[in-house]
Amino acid sequence: MSQGSPGDCVPLEPTSVPSALPNPFVHELHLSRLQRIKFCLLGALLAPIRVLLAFIVLFLLWPFAWLQVAGLSEEQLQEPLTGWRKTVCHNGVLGLSRLLFFLLGFLRIRVRGQRASCLQAPVLVAAPHSTFFDPIVLLPCDLPKVVSRAENLSVPVIGALLRFNQAILVSRHDPASRRRVVEEVRRRATSGGKWPQVLFFPEGTCSNKKALLKFKPGAFIAGVPVQPVLIRYPNSLDTTSWAWRGPGVLKVLWLTASQPCSIVDVEFLPVYRPSPEESRDPTLYANNVQRVMAQALGIPATECEFVGSLPVIVVGRLKVALEPQLWELGRVLRKAGLSPGCVDTGAEPSQSRMINQDEFARQLQLSDPQTVADAFSYFQKDASGLVDFRDVALALAALDGSTGLEELTRLAFQLFAEEQAEGPGHLLCRDGFSTILHLLLGSPRPAAETLHAELCQAGPRQGLSLCQFQDFSLRDPLHRKLFSTYLRPSRTADASSPGSPTALANGTVHAPKPKGD
């Protein structure tokens, strides 16, 4: 049975290797011995007092927030508030909010540029989003409306502040909620100045300020002018960053409160008015605004983003997980004392065989129920809760250090290639290609499917031969390095920057700590 031959080869166009970009998901805080002593002293004396007073002020905000919406129906809250409610409560919340940040050590908020009016720019977009302190940008913006998760309404005090703000709420568990949010954003943005401005953090999650994450299109769907707002923390020591990997929320809060003085710079850039093409294409609009803001900040604009709960980085034309679940599966199996190379998978090439959790445990000779459940959870299940055993076979082969990369990619092709009705040999079609990249590199399936379509443009068929697949994975200048460092980290001689695939594969990152808005 032929699985592809050199005669079928249509060489893939190699991609150029981009310059190294900083990893925006990792923040490492290095303290000298003198700095540690200073933080120990100030952390024991200054931080407790600051945090206690800040929490007292936070709870004092609640009466003002409650008073503004007390006695109003849901229909009345669908329109902007006026009169004494806005004057008294708005100014009370604004003043107490400034006092709260002052008590936490943010003694100075330096503002540059001029904030546009509601008519000039109905939408404000703030970046980089690097910490839970970023809502401080609401103060020089005169408390604009925000977009928040509906689940936050149940959080004490925070829920009251969201109702006070007349925030636009989105539920991540209700697909229809996103459509309603889009309609509400468009309604407010096109109200002709009737509504206050709406503030977005278009990155959608926190980074370390060294690069801008991919902007989500939500702030740009209305197609109205936006005003970019830059946030900087020009302090000698960065204690505020709350990235996916780095100090946790309590440590960031404590270290920042231990600083004698923290400074925030808020800069309003000129209003960005979209072209007709950008008004019709929110993604194009978002990308162009991202580039403008990155240029003003002097940092790269990247395609890095969160997909689900995992951060994804872009390498060439391929999106890969910062830490593929394959690595965690390997840790689970090693902890159980299982050597992947000792498992006889017996998976049939090009033949799907669905198994349940009990069959999975018998095949891998696992007895501990928790280990079985943990390992089984790493594979995608169908509607009946079954997994394709080809996925298991490929994952075990990838974790087996004795399997060479050429042998591994050949096995992957054999497992997932489909026999063609016309013409000799097998071809790796879209579903098989996306499954392989998802298993080995943690690539999101939609991104892998898009890449497959691009690769197939170089050939006459809608599939890749074995030669083409290995050209992509083993001989392409960039993706070859990616496959080798993700799947064979021990064979890489040196570890470069923390954001490089080499450094990631060599274990310079630690346990996941997802963060988002």
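The values are calculated or read from the model by the stated rules, or taken from the named source; none is laboratory data. Please read these numbers as outputs of a predicted model, since none were measured by experiment. Backbone-built Cβ (ideal geometry, glycine too); neighbour counts: all protein chains shown. Ligands, DNA and RNA are stripped out before the accessible areas are found, and what is left, the full protein with its side chains, is counted by its heavy atoms. Shrake-Rupley method; radii C 1.70, N 1.55, O 1.52, S 1.80 Å.
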**Request:** Treat every Asp and Glu Cβ in segment 67-173 as -1 and every Lys and Arg Cβ as +1, leave all other atoms uncharged, and give the resulting dipole magnitude about the Cα centre to the nearest 20 debye.
**Result:** 420 debye
**Message:** Could you work out the relative contact order of segment 133-221? I mean the mean sequence separation of Cα pairs under 8 Å and 6+ apart, divided by the number of residues, in percent.
**Reply:** 25 percent
**Fill in**
Once normalised by the length of segment 210-337, the mean sequence separation of its alpha carbon contacts under 8 Å that are 6 or more apart gives a contact order in percent of 33 percent
**Message:** Nothing charged except the Cβ atoms of Lys and Arg (+1) and of Asp and Glu (-1): what's the magnitude of the dipole of the chain about its Cα centre? Round to the nearest 20 debye.
**Reply:** 2460 debye
**Message:** Can you say what percent of the DSSP beta bridges in the chain, counting only those with both residues inside, are antiparallel? Round to 5.
**Reply:** 45 percent
**Item:** Potential lengthening between Glu151 and Ser384 on full extension [0.36 nm per residue; Cα-Cα distance subtracted]
**Value:** 80.9 nm
**Request:** Give the relative contact order (percent, whole number) for the chain; include only Cα pairs under 8 Å separated by 6+ residues.
**Result:** 20 percent
**Extended-chain gain in nm, criterion 0.36 nm per residue less alpha-carbon gap, Ala176 and Arg291** = 38.3 nm
**Message:** At 222 nm, what value in deg cm²/dmol follows for the chain if DSSP H runs of at least 4 each add -39500 (n - 2.57) and the sum is divided by all its residues, to the nearest 500?
**Reply:** -12000 deg cm²/dmol
**Item:** Peptide ranges 67-78, 160-171, 45-56, 187-198 listed from the most packed, as the mean C-beta count within 10 angstrom indicates
**Value:** 160-171, 187-198, 45-56, 67-78
**Fill in**
Averaged per residue, the 1.4 Å probe accessible area of segment 364-413, protein heavy atoms only, in Å², is roughly 43 Å²
**Request:** Specify whether the C-alpha gyration tensor of segment 241-281 places it in the rounded, prolate or oblate class, a ≥ b ≥ c being the square roots of the eigenvalues: rounded for a/c under 1.5, otherwise prolate if a/b is larger than b/c and oblate if not.
**Result:** oblate
**Asked** Using a simple spin-label model with points 7 Å from Cα along the Cα→Cβ vector, what separation in nm is obtained for Asp400 and Arg331?
**Response** 2.4 nm
**Prompt:** Can you pull the percent of segment 130-220's accessible area that's carbon plus sulfur, 1.4 Å probe, other chains left in place?
**Reply:** 58 percent
**Request:** Give me the number: length gained by fully extending Thr283 to Thr190, i.e. 0.36 nm times residue separation minus the C-alpha to C-alpha distance, one decimal in nm.
**Result:** 31.6 nm
**Prompt:** Using the beta-carbon distance between Arg108 and Leu46 and R0 = 25 Å, what value does 1/(1 + (r/R0)^6) give for FRET efficiency, to the nearest 0.05?
**Reply:** 0.90
**Fill in**
Shape call for segment 352-434, from the Cα gyration tensor axes a ≥ b ≥ c (a/c under 1.5 means rounded, otherwise prolate when a/b beats b/c, else oblate), comes out oblate
**Farthest positive-ward along the chain dipole, Cα basis, beta-carbon charges - from Gln414, Phe25, Val315** = Phe25
**Complete:** Net charge (Lys, Arg +1; Asp, Glu -1) of residues whose beta-carbon lies under 11 Å from that of Leu428, Leu428 excluded, is 0
**Message:** For segment 66-181, I need the span (max minus min coordinate) of the C-alpha atoms along each principal axis, in Å, sorted largest to smallest.
**Reply:** 40, 33, 33
